[in-house]
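Before any comments, here is the structure.
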Amino acid sequence: MPDPAFAPVEADGAHPPYVLVRDVLAHAIAAGTLPGGSRLPSERHLCAQLAVSRGTLRRALGALRELGAIEASERRGWQVRTAAFSHAAGGAALEGFTALNHDLGRAVTAEVLQRRTRRASSAEADLLDVPPGAPVFELRRLRRLDGLPVCLTHDLVPRAVAAGIGAVDFTTGSLFAHLASTGHAPATARLGVRAAPATADQATALDLAVREPVLLTVRTSLDAAGAIVAHTREAYRADRYELRLTLG
């Protein structure tokens, strides 16, 4: 198979050249142009295609390795990992999906599938530690990174901590940023993760076959005072997202 072609990187005045190279290669990985498990083209080829120096390219490759997108193989050089987007779970994860991925140079957008204020059921009241029937804001979105569908999210937020939330544009806006603006920034979280086969709805939204694997997360976010500010369920494409943990 011939090496893929890339357009020369053009300076935009806002980002260092290595960041632009990193983003070009990260998008190619996510789009499958550089599929998981494949070997990256040679440095000579990439430098010539992208019109950058070897030093700039190597810095970009180092940044991709930090993101978990590629890994160095002694025999094969740089190899693409199977997950297209990756981040480490830790304090940074409390920023939320939008801020975290913006910080990593990714274009973050969403399709809002549902948004409404309604009364909490008894089960939801237990999850949010509010009285049954208390007003909650419900938000369902299909999240995209660099234009590619990555996850479905379902958020429940007590209206008491989310003044003005009805005016937020959640196609690009951040739920956690809005909570921070009301004085209820997430400070800690309880997170559960498991793998499961995609349901029909998940498969359609994420462009998967039914029963292909997805990564499911359930997160309860709390502010500095210990009040629950959001309960979030997410379904990630398993081939486009990776959560990395450091134990010990």
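Computed values, structure above
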item: Options (i) 142; (ii) 152; (iii) 116 - which one matches volume of the Cα convex hull per residue in Å³ as calculated here; result: (ii)
item: DSSP-loop trypsin sites (Lys or Arg not before Pro) across segment 151-237, with at most 13 other Cβ within 10 angstrom; result: 211
item: Accessible surface of segment 183-248 [probe 1.4 Å, protein heavy atoms]: carbon and sulfur percent; result: 55 percent
item: Helix runs (DSSP H) in the chain reaching 20 Å along axis by Cα, Kyte-Doolittle at least 1.0; result: 17-31
item: Heavy-atom accessible area order for 201, 23, largest first, 1.4 Å probe; result: 201, 23
item: Segment 100-213: C-alpha gyration tensor shape, a/c 1.5 cut-off, then a/b vs b/c; result: oblate
item: Heavy atoms of residue 188 accessible to a 1.4 Å probe, total area in Å² rounded to 10; result: 80 Å²
item: Segment 1-87: GluC sites (Glu not before Pro) falling in loop per DSSP and having at most 11 other Cβ within 10 Å; result: 10, 74
item: Solvent exposure of the chain as accessible area per residue, Å², 1.4 Å probe; result: 50 Å²
item: Nearest-10 value in Å² for the accessible area of residue 151, using the 1.4 Å probe; result: 0 Å²
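The values are calculated or read from the model by the stated rules, or taken from the named source; none is laboratory data. In this text the structure is predicted, and so the values were computed from the model without any measurement. Methodologically, a virtual Cβ is constructed for each residue, glycine included, from the backbone with ideal geometry; neighbour enumeration extends over all protein chains shown. We work out accessible area using only protein heavy atoms, side chains counted, and drop any ligands, DNA or RNA first. Shrake-Rupley method; radii C 1.70, N 1.55, O 1.52, S 1.80 Å.
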